[in-house]
1. Alpha carbons only, please: Rg and Dmax for segment 3-131, in angstrom.
2. What are the ³J(HN,Hα) values, in whole Hz, obtained from phi via the Karplus relation 6.51 cos²θ - 1.76 cosθ + 1.60 with θ = phi - 60°, for each residue of segment 74-80 in sequence order, with x given for Gly and Pro?
3. Under 10 Å, Cα contacts only: if you run a Gaussian network model on the chain, which one of 20, 116, 69 comes out with the highest mean-square fluctuation?
4. Work out the length of the dipole vector of segment 3-131 about its Cα centre, built from +1 on the beta-carbon of each Lys and Arg and -1 on the beta-carbon of each Asp and Glu, and round it to the nearest 20 debye.
5. Measure nothing fancy, just the Cα-based angle from helix 36-49's long axis to the longest principal axis of the chain, in degrees from 0 to 90, nearest 10.
6. Given 87, 23, 52, which one lies farthest toward the positive end of the charge dipole of segment 1-98, if we put +1 on the Cβ of every Lys and Arg and -1 on the Cβ of every Asp and Glu?
7. Can you find, among 75, 128, 117, the residue farthest towards the positive end of the dipole of the chain? Put +1 on the C-beta of Lys and Arg, -1 on that of Asp and Glu.
8. Can you tell me the Rg and the Dmax, both Å, for the Cα atoms in segment 33-96?
Amino acid sequence: MNLNSDSKEKQLNNLSNKVIGAAIRVHSALGPGILESAYEACLVYELKQRKIQIESQVALPIIYYGQRIDAGYRIDLLVENSLIVELKAVETVSKIHKTQLLSYLKLSDLRLGLLINFNVPLLKEGIHRIVNKF
């Protein structure tokens, strides 16, 4: 890894830490047991308050043999055009949730994603980092 990619990696890790901090604040205020959409709205608000560029419900097309196909995929949150955040409010995060995020990373050619499940007593138990190794 060259110095430039080391710097990009550090910036990406720093950004993910900021998102995790914002998510912890949201979880502390709301607790577990409410709808995913409520967590999403509050996390968007929290990130904007921190002056972090955020887009929600971003369409993610598939490029199939050179054709752009809208298959209905949506990224919950795209942070600074470099980090995908998928939100859940489920009893248990399953392997398919992690696989879905990895697929989104591959389709978008991004390196890092966070899968955050808010339906846990302590949020640190619900945070999963997924890396696209290209």
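Since every read-out is calculated from the coordinates, none of them should be taken as a lab result. Source: prediction; values computed, not measured. Using ideal geometry, Cβ is built from the backbone for each residue, glycine included, and neighbour counts are taken over all protein chains shown.
1. Final numbers for Rg and Dmax: 14.6, 46 Å.
2. Going residue by residue, I get 9, 7, 4, 9, 10, 9, 6 Hz, with x marking Gly and Pro.
3. 69
4. 260 debye
5. Result, in degrees: 80.
6. 52
7. Of the listed residues, the answer is 128.
8. Cα radius of gyration and Dmax of segment 33-96 are 13.9, 42 Å respectively.
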